[in-house]
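Some notes on the structure that comes next.
What follows draws every value from the coordinates through simple rules; no lab data is involved. These numbers come from a predicted model, not from an experiment. All Cβ positions, glycine included, derive from the backbone under ideal geometry; neighbour counts span all protein chains shown.
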Amino acid sequence: MKTKKLRPVNKRAKMLEAREVFGMAENIDVMTGMPVGCTTIFDTGWETNPRPTSPTSNCVPSARDFASCSGPCWWPAQTPDGITNFPGFQNQCRAVERDWKNLNFIIKR
Amino acid sequence: MRRTTLALMMVCVLLVAVTSCEQKEKEPEVTISPPAGKDYFYVPINNALHIIDGATDTIVKTIPYNDYIIGGTFSPDGRRYYANALHSIYVFDTTKQELVDTYRFSTELSKVLVGGFGVSEDNRSLYIISFIVKKKQNVPRLNVLPPQLVVFDIESKKIAKSFEIPYYFKPVFPIKNDPDHLILVGYDVCKFSLKTGKIEVIETLFNPKKGEKVRNCLPGMDAISPGDHGIVVYSYYEGEGINVSSGFLMIDRNKGQARLLPSKDLWLSETTILSPDKKYVYAVMDELIKIDAETGKTVNFVQLENGTCKGVATSSDGKKVYVGPSGPDISVYESETLKLIKVIPLEGDGGYAMHRVTL
């Protein structure tokens, strides 16, 4: 993200700024332009689960969140990244409760 | 005598004016009768689409593919079911119950993420929210383009139009009788002009009005059935810490309007649907909750026996509620009592998609 305070101070930094790596128009904000998964804003209040009745305490991903959270999701460490790195994870594991032993998305074998 | 006649005339004019105003206010409510026919539920799971017969609640067909589906919707005429994976859209014929086409948008050098999509009311176009990342061959650099709203012509399979959109939107809804506008849900609920590309906020979520709190909305599944009442419901919550309240965002696809229904109780739910008679909202995540659609009061709730679910659908007569398929099953509940009637086992895990068509 570019801000007005950040200015390139040497030749290499100026070259980097000019390149496509920043690829976006000036008015696009990376932080607010990112996909946020199943909610319209990224709000950690969602995880604290303020309900007074069962189920209480913080939300944690369960086996039943596994497949549905493999897209742009809140649980990037707990679920396979189906967008880029593990697009075919469902071939190893069609139902996580049954096939979890086949998963190798953390370390590619 | 003249004065009396004049006074009488004025009274008559006033009466006519008042009556016409009352008539204007009391527009006849459009009643939706359930479409005659048989209910089928389309349930995409890992590597296959299950089709469930709503009369027997059994799987009547399984259509294989090799992908994970994140969303789906029927065409308004009910003839096609479009299911979107992260990088492509699968097309199913509902009369033949076959996979008839696949639209693949990504290449090795251009990754296109399909965020959400809708089908135009004339069944001829798809409106796709896409995120595009391009890379140059042998150069370890990515070019992240701004999100695009793409109008995809189904017949020619070509992009007819594309618009750069400023930030994240996921659900896209065409408005009935208004082919020039769409409703988009993102940080706020907006009306999008397909002629000018202009965006107009019609209900606030992230940028609330003065005195209101920021709302976080969960647009999980677009619970739309061909020929339904045209109202889509999403749950939202607002507030911080333990001072949180929840409610339901109701989007009217007939009029292109949105309104909020605050809930009397705090519920965190991921997917919601309005019953065919528009009297109740059914919401699911860890529970199945029945809410009065007028008052926001909780009518009944049960904890889901098989665990978290992210999809919900009703039968066309409103007598049954189908909950699933985050895990490898769908639970069928009686809508009146929320009593579990049946659990339908599936071949694999699903996600946010489960839709009914009545043929």
Report the relative contact order of the range B:102-180, percent, no decimals, based on alpha-carbon pairs under 8 angstrom and at least 6 residues apart.
29
Past 31 Å, Cα to Cα: identify those pairs from B:LYS209/B:LYS279; B:LYS157/B:LYS191; B:LYS209/B:LYS320, in the order given.
B:LYS209/B:LYS320
Among B:ALA223, B:ASN66, B:LEU86, which residue has its Cα furthest toward the positive end of the charge dipole of chain B, with +1 on Lys/Arg Cβ and -1 on Asp/Glu Cβ?
B:LEU86
CD proxy, 222 nm, chain B: helix-only mean residue ellipticity via -39,500 (n - 2.57) per DSSP H run with n ≥ 4, per residue, nearest 500, stands at -2500 deg cm²/dmol
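Let me have the relative contact order for chain B, percent, based on Cα pairs under 8 Å that are six or more residues apart. Before the final figure, lay out each step's value.
Working: 892 pairs, mean separation 47.8, N = 359.
RCO, chain B: 13 percent.
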Partner shielding of B:244-252, as the mean number of partner chain Cβ atoms within 10 Å, equals 1
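Just check the range B:36-358 against the gyration tensor rule for me: Cα atoms, a ≥ b ≥ c as the square roots of the eigenvalues, rounded for a/c under 1.5, and otherwise prolate or oblate depending on whether a/b exceeds b/c. All intermediate terms of the calculation are to be shown ahead of the outcome.
Details: a/c = 1.57, a/b = 1.15, b/c = 1.37.
It comes out oblate by the Cα gyration axes.
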Given the peptides B:188-200, B:303-315, A:86-98, arrange them by the average over their residues of other C-beta atoms within 10 Å, most packed first.
B:303-315, A:86-98, B:188-200
Take peptide A:85-95, look around each residue's Cβ out to 10 angstrom, count Cβ atoms belonging to other protein chains, and average those counts.
5
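Cα gyration tensor of the range B:173-231, axes a ≥ b ≥ c as square roots of the eigenvalues: rounded (a/c below 1.5), prolate (a/b > b/c) or oblate?
Details: a/c = 2.55, a/b = 1.32, b/c = 1.93.
It is oblate, given that a/c is not under 1.5 and a/b is not larger than b/c.
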Reachable lysines, given that their alpha-carbon falls under 17 Å from the alpha-carbon of B:LYS96 and they are not under 8 places away in the same chain:
B:LYS38, B:LYS61
Which angle from 0 to 90°, rounded to the nearest 10, does the C-alpha axis of helix B:2-25 make with the longest principal axis of chain B?
10
Within 10 Å of each candidate Cβ there may be at most 10 other Cβ atoms; applying that plus a DSSP loop requirement, which trypsin sites (Lys or Arg not before Pro) in the range B:70-136 survive?
B:LYS96
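Restrict the search to the range B:104-183; then list the GluC sites (Glu not before Pro) that DSSP places in a loop and that have at most 12 other Cβ atoms within 10 Å of their Cβ. Could the numbers behind the result be given before it?
Numbers: sites: B:GLU108, B:GLU121, B:GLU155, B:GLU164; in loops: B:GLU108, B:GLU121, B:GLU155.
Taking the range B:104-183 and a limit of 12 other Cβ atoms within 10 Å, the loop GluC sites (Glu not before Pro) found are B:GLU108, B:GLU155.
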